[in-house]
Amino acid sequence: MPRRLTKTQKLLGLIEGIVLETGAWMYPYKGVGRAMKKHRGALSKAIYDLKSQGYLEEVENKAKRAYRLTPKGKLKIWRPKITEKVWDGCWRILMFDISDNSRRNRFRGYIQKLGFKMVQESVWACPYDVSEEVEKLIDWSDLEADVDYLITRSVTKDSHLRYMFNLNDS
């Protein structure tokens with residue numbers, strides 16, 4: 001059963017859903033401004049809280065106040081899109097050295113959602129094409145210097161990996 005969204009995730013999702021072509025959300029947005037007239041104070045506080053927590057950033061848009069999701073905000077509402085779980089014969093290998101325990105554990109949680117499994121503590125493998133999502137994750141997490149992402153057709157002694165992913169019949 002999927003986990004329920006938090007209020008923060010719902011609000012960030014709403015903001016992401018009404019982002020303008022410029023990549024920013026104007027406040028007050030016409031439809032939201034009228035609908036939220038009696039809740040304007042609560043909306044302002046929520047936006048202030050999201051900014052202070054690093055989920056939103058203020059940007060200039062035609063001299064009006066506008067906001068856009070930061071990479072941290074994008075990660076907060078990120079739901080990985082995995083089209084097919086069909087092995088194409090390539091292995092995706094992630095190797096990382098992330099010194100901060102909480103960032104490392106958070107990263108491990110995200111890559112597990114993508115279908116990666118642990119080979120060693122900081123080496124994870126996946127047989128499915130999730131490259132686009134991995135690249136977003138590494139970029140949004142600001143881990144380019146700490147993560148190596150490899151795609152290879154050949155791994156010595158891949159029988160262990162095939163067993164982990166139930167690919168022995170392939």
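Starting from residues that are acidic (D, E) and either open to solvent by 50 Å² or more (accessible area, probe 1.4 Å) or touching a helix residue (DSSP H, G or I) at 6+ places or on another chain (Cβ under 6 Å) (or both), keep the ones in the stretch 132-142 and report whichever is nearest to R104 (Cα to Cα).
Checked the stretch 132-142; the qualifying residue nearest to R104 (Cα to Cα) is D142.
Every condition in (1) at pLDDT below 90; (2) in contact with a Phe, Trp or Tyr (Cβ under 9 Å, 6 or more places away or on another chain) is met by W124 except one, and the failing one is (1).
Consider the stretch 79-104 and keep the residues that are buried (at least 18 other Cβ atoms within 10 Å of the Cβ) and within 19 Å of D142 (Cβ to Cβ). The one that is modelled with the lowest pLDDT is I98. Test of understanding: among G54, G73, which residue is open to solvent by less than 90 Å² (accessible area, probe 1.4 Å), in contact with a Gly (Cβ under 8 Å, 6 or more places away or on another chain), at pLDDT 80 or above and in a helix (DSSP H, G or I)? Among G54, G73, only G73 is open to solvent by less than 90 Å² (accessible area, probe 1.4 Å), in contact with a Gly (Cβ under 8 Å, 6 or more places away or on another chain), at pLDDT 80 or above and in a helix (DSSP H, G or I). In the set (1) farther than 17 Å from L12 by Cα; (2) surrounded by 12 or more Cβ atoms within 10 Å (Cβ to Cβ); (3) small (G, A, S), A145 fails one condition alone, (2).
The values are calculated or read from the model by the stated rules, or taken from the named source; none is laboratory data. From a predicted model like this one, the values you see are computed outputs, not experimental measurements. So basically every Cβ, Gly included, is an ideal-geometry build from the backbone, and we count neighbours across all protein chains shown. Keep in mind that these areas ignore ligands, DNA and RNA; they rest on the heavy atoms of the full protein, side chains included. Shrake-Rupley method; radii C 1.70, N 1.55, O 1.52, S 1.80 Å.
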